[in-house]
Amino acid sequence: EPEVTQTPSHQVTQMGQEVILRCVPISNHLYFYWYRQILGQKVEFLVSFYNNEISEKSEIFDDQFSVERPDGSNFTLKIRSTKLEDSAMYFCASRNRDEWNTGELFFGEGSRLTVL
Amino acid sequence: AQSVAQPEDQVNVAEGNPLTVKCTYSVSGNPYLFWYVQYPNRGLQFLLKYITGDNLVKGSYGFEAEFNKSQTSFHLKKPSALVSDSALYFCAVRDAGTYKYIFGTGTRLKVLA
């Protein structure tokens, strides 16, 4: 069964460093998302991406964050200068465009980011 | 703006008993509603969705959910709980006019043997 894959599974970084989290969405999916979950609690929307551009973003997704789909298969989230409060589990998700554009999201297993 | 509420942080139920996990939502347009389950240190797994049509939708692992437009609710149910159903459950809503899916705060289900 096709799945969303994320790397790394865990990254530890120093405050102020840049981090790139990578995702390979399901191959025929057209919509891509990043969410984060702090301490196993609320799942927060960060950004959605469609047709090579951001379609929506949340207040969390400020200038320190960026997304890219560099080669038609990978979908990356970059945090330019990490803060302690960026420590979280980051989930990538993707979905296809069905007839009514009502598809569910398929999630990866997550990348745990720890900022020291 | 769209939002979703899960009023219970935790639900405890005895194995074999029916379970209900509550969810209410708020959207400006037509809602698309979803339930996901998360096991420890794992990603979210899709259980079921309501888009239109029959108010009772059936999903994976024997779960079902009932859409109630007048009460703006979408409660998750299962007739007979299993210990293996113990997990974190998330309700999510997407307004038909947007891209983003908004998740509730999650309800931890504990099924006791």
(message) Which numbered condition in (1) facing chain B (nearest Cβ under 10 Å); (2) part of a strand (DSSP E or B); (3) surrounded by 19 or more Cβ atoms within 10 Å (Cβ to Cβ) is the only one that residue A:94 fails?
(response) (1)
(request) Report whether or not residue A:95 is in contact with a helix residue (DSSP H, G or I) (Cβ under 9 Å, 6 or more places away or on another chain) and under 20 Å from residue B:92 (Cα atoms). (result) no
(message) So if I check each of A:108, A:40, which one is surrounded by fewer than 20 Cβ atoms within 10 Å (Cβ to Cβ), within 15 Å of residue B:38 (Cβ to Cβ) and in contact (Cβ under 8 Å) with a residue 24 or more places away in the chain?
(response) A:40
(message) Tell me whether region A:77-86 contains one or more residues that are more than 14 Å from every other protein chain (Cβ to nearest Cβ), acidic (Asp, Glu) and in a strand (DSSP E or B).
(response) no
(message) Exactly one of these conditions fails for residue B:73: (1) of a type in the set (Ser, Thr, Tyr); (2) touching a residue at least 40 places away in the same chain (Cβ under 8 Å); (3) under 23 Å from residue A:106 (Cα atoms). Give me its number.
(response) (3)
(request) Hey, can you tell me all the residues within region B:18-55 that are open to solvent by less than 50 Å² (accessible area, probe 1.4 Å), touching a residue at least 60 places away in the same chain (Cβ under 8 Å) and under 17 Å from residue B:86 (Cβ atoms)? (result) B:19, B:21, B:36, B:38
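Working carefully through the options A:22, A:69, find the one that is modelled with pLDDT under 95, surrounded by fewer than 21 Cβ atoms within 10 Å (Cβ to Cβ) and within 14 Å of the chain's Cα centre (by Cα). Quick ask: steps written out before the conclusion?
On the way: A:22 fails: modelled with pLDDT under 95.
Only one candidate qualifies: A:69.
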(message) For a quick check of your reading: which strands (runs of 3 or more DSSP E) sit entirely within region B:19-63 and have at least 3 residues that are under 18 Å from residue B:106 (Cβ atoms)?
(response) B:19-21, B:24-26, B:31-38, B:44-50
(request) Would you check which residues across region B:90-112 are facing chain A (nearest Cβ under 7 Å) and closer than 20 Å to residue A:103 by Cβ and list them? (result) B:90, B:98, B:99, B:100, B:101, B:102, B:103
(request) Collect the residues in region B:72-87 that are surrounded by fewer than 21 Cβ atoms within 10 Å (Cβ to Cβ) and either in a strand (DSSP E or B) or under 15 Å from the mean Cα position of the chain (by Cα) (or both), keeping them in residue-number order. (result) B:72, B:73, B:75, B:77, B:79, B:85, B:86, B:87
(message) List the residue pairs whose Cβ atoms are under 8 Å apart, where the first residue sits in region A:70-97 and is touching a residue at least 60 places away in the same chain (Cβ under 8 Å) and closer than 16 Å to residue A:33 by Cβ, the second is acidic (Asp, Glu) and in a strand (DSSP E or B), and the two are 6 or more positions apart or on different chains.
(response) A:78/A:68
(request) Considering every residue within region B:4-17, establish whether at least one is open to solvent by less than 20 Å² (accessible area, probe 1.4 Å) and among the acidic types (Asp, Glu). (result) no
(request) Scan region A:61-116 residue by residue and report those that are of a type in the set (Val, Ile, Thr) and touching a Pro at 6+ places or on another chain (Cβ under 8 Å). (result) A:76
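The values are calculated or read from the model by the stated rules, or taken from the named source; none is laboratory data. Since the model is a prediction, treat every value here as computed from it, not as a measurement. For neighbour counting, all protein chains shown are included, and Cβ atoms are generated from backbone atoms with ideal geometry for every residue, glycine included. With ligands, DNA and RNA removed, areas are computed over all heavy atoms of the protein, side chains included. Shrake-Rupley method; radii C 1.70, N 1.55, O 1.52, S 1.80 Å.
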